[in-house]
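Peer 1: Please see the structure below; I have some questions.
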Amino acid sequence: MRPEHPLADVERSLAVPPRRRLDVLEEVDADAQALQAELERRGYGPAQARRAALRRVVPGTDTLAQLEAQHAPPLGRWARGTGWIDRVERLGIVVATGLAGAVACITILGTGALGSAAVLAWPQVIVVALLAANWTRAAKRLWIDGDLRPELRRRLWERQIGLIVLAVALGALGAAREVYGAFGAVEAEGFAPPAIWDAVGRVVSFAAFGLSAAIFGLFGWLALTPRLIDDETMEHRISAFFASRLPPNSSRRR
Amino acid sequence: MQVTLSKRINELLVLAVLERGPAHGYQIALSVEERTGGAFSFQHGTLYPILHRLETNGHVRGTWGGEGRRRKTYELTDAGRAELAAGAADLERQFRVLLELFGGTHAA
């Protein structure tokens, strides 16, 4: 098994933005190397000097907590200060979901897409609420914790895409169902302009609602993208940092 | 924000070391240990939150440098120099009060 870098555990535990995480890793690593060299110069054996240097500079649990509090994004520091940090994700999800759900309900009730179409209208409301909840979770990790790891980021993005596709599909299905219903009504009762216009309105509202949900989901994620790109670049640099510090004979030890 | 006495002492120790000139984190840790005869030492990276707090407050300035590998050097700012003078005077006052109190207790 490949030996792990002494700072790998710090990298995993330190929940701060990747840019800050890299700064801490590079600073501690450079100090550990220099301190080890200094202790060796003072007569310590290499292994003893390494242990002593790491004991002094590698952050422990309490130190990590302090660094997290210091390097959290401004919103996160505020949330910590008010003591709301543990509740903020749940609260954000409840508020965002509630708002999105309420807007969706009002839209559906306002456009009269209920009645027999409710079987597709309510799932649309649920999808919008889930989109809001998913976005809130990602936004909280980025702007409050400052730490959205690649694996979770990928999971949240896949979920977001899935929900967007579902919103469009439900909109299309609702619209198709309305078109089918309108044709049936024309066949049974003949061509009646008011009824046709009513059906067209329901078709358009279903399609528009599905599309709006998709746009809401996409643009919401787009708002996170600049930070996500920056984080991804930093994550690559963190990987490069560890790759460049592997012991030279590590591949032979496997 | 209320700063505990030990935190305050640690900050002043770091500022006192940097008063002699710019230094890397490990040099600060070693210097504190040597100059206090081992009475104060930074273990498990406890130095870094102190340095970063001092940097945020503008008492020290951190600069990244180094060839190939990035290294951070800290130096004292004017604000840090003033903070060190004020902090040292504060501590002296507090310890005098404490020593008088302890002396009084012993005498009783």
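Derivation of every value follows stated rules applied to the coordinates shown; laboratory data play no part. The model shown is predicted, which means the values in this text are computed figures rather than measured ones. Reconstructed Cβ throughout: ideal geometry from the backbone, glycine too, with neighbour counts over all protein chains shown.
Peer 1: Of the residues A:ALA72, A:ALA96, A:ALA182, which exhibits the maximal mean-square fluctuation in a Gaussian network model of chain A defined by a 10 Å Cα contact cut-off?
Peer 2: Highest fluctuation among the options: A:ALA182.
Peer 1: On a full-extension model of 0.36 nm per residue, what is the gain between A:ASP62 and A:ARG87, subtracting their alpha-carbon distance, rounded to one decimal in nm?
Peer 2: 6.8 nm
Peer 1: State, to one decimal in nm, how far the label point of A:VAL179 lies from the label point of A:ARG155, with both points 7 Å from Cα in the Cβ direction.
Peer 2: Between A:VAL179 and A:ARG155, the simple spin-label model gives 3.9 nm.
Peer 1: Compute the FRET efficiency between A:GLU38 and B:LEU5 as 1/(1 + (r/R0)^6), taking r as their Cβ-Cβ distance and R0 = 25 Å, and round to the nearest 0.05.
Peer 2: 0.25
Peer 1: Could you work out the relative contact order of segment A:8-71? I mean the mean sequence separation of Cα pairs under 8 Å and 6+ apart, divided by the number of residues, in percent.
Peer 2: It rounds to 44 percent for segment A:8-71.
Peer 1: Separate question: Can you compute the FRET efficiency between A:ASP198 and A:PHE219 using 1/(1 + (r/R0)^6), with r the Cβ-Cβ distance and R0 = 35 Å? Round to the nearest 0.05.
Peer 2: Plugging the Cβ-Cβ distance into 1/(1 + (r/R0)^6) gives 0.65.
Peer 1: Which of the GluC sites (Glu not before Pro) across segment A:1-108 are loop residues per DSSP, with 16 or fewer other Cβ within 10 Å?
Peer 2: A:GLU4
Peer 1: Would you compute, from DSSP H runs of 4+ residues alone, the mean residue ellipticity of chain A at 222 nm, taking -39500 (n - 2.57) per run and dividing by the full residue count, rounded to the nearest 500?
Peer 2: Helices in chain A give a 222 nm mean residue ellipticity of -28000 deg cm²/dmol.
Peer 1: About the Cα centre of chain B, how large is the charge dipole given +1 on each Lys and Arg Cβ and -1 on each Asp and Glu Cβ? Please answer in debye to the nearest 20.
Peer 2: It comes to approximately 300 debye.
Peer 1: What are the chymotrypsin sites (Phe, Trp or Tyr not before Pro) within segment A:170-229 that DSSP puts in a loop, where the Cβ has at most 16 other Cβ atoms within 10 Å?
Peer 2: Qualifying residues, ordered by number: A:PHE191.
Peer 1: Still on this structure: So for chain A, averaging the separation of alpha carbon pairs under 8 Å that are six or more residues apart and normalising by length, what relative contact order in percent results?
Peer 2: So the answer I get is 24 percent.
Peer 1: May I pose another question? When Cβ neighbours within 10 Å are restricted to other protein chains, what is their mean count per residue of peptide B:25-35?
Peer 2: 4
Peer 1: Please give the helix A:46-57 orientation as an angle from the longest Cα principal axis of chain A, in degrees from 0 to 90, rounded to the nearest 10.
Peer 2: With rounding to tens, the tilt is 50 degrees.
Peer 1: Enumerate the residues in segment A:129-161 having an amide nitrogen under 15 Å from the point lying 7 Å beyond the Cα of A:ALA102 toward its Cβ.
Peer 2: A:129
Peer 1: Could you work out how far helix A:193-244 tilts from the main Cα principal axis of chain A, as a 0 to 90 degree angle to the nearest 10?
Peer 2: So the helix axis and the longest Cα principal axis differ by about 10 degrees.
Peer 1: Here is a further query. Quick one: helix A:88-111 against the long Cα principal axis of chain A, what's the angle to the nearest 10°, folded into 0 to 90?
Peer 2: Compared with the principal axis, the helix lies near 20 degrees.
Peer 1: Give the longest segment of chain B that steers clear of trypsin sites (Lys or Arg not before Pro) in DSSP loops with at most 16 neighbouring Cβ atoms within 10 Å, not counting the sites themselves.
Peer 2: Maximal segment without exposed cleavage sites: B:21-68.
Peer 1: Here's something else I'd like to know. Got a sec? How would A:HIS5, B:HIS52 order by Cβ neighbour count within 10 Å, fewest to most?
Peer 2: Taking fewest neighbouring Cβ atoms as first place, the list is A:HIS5, B:HIS52.
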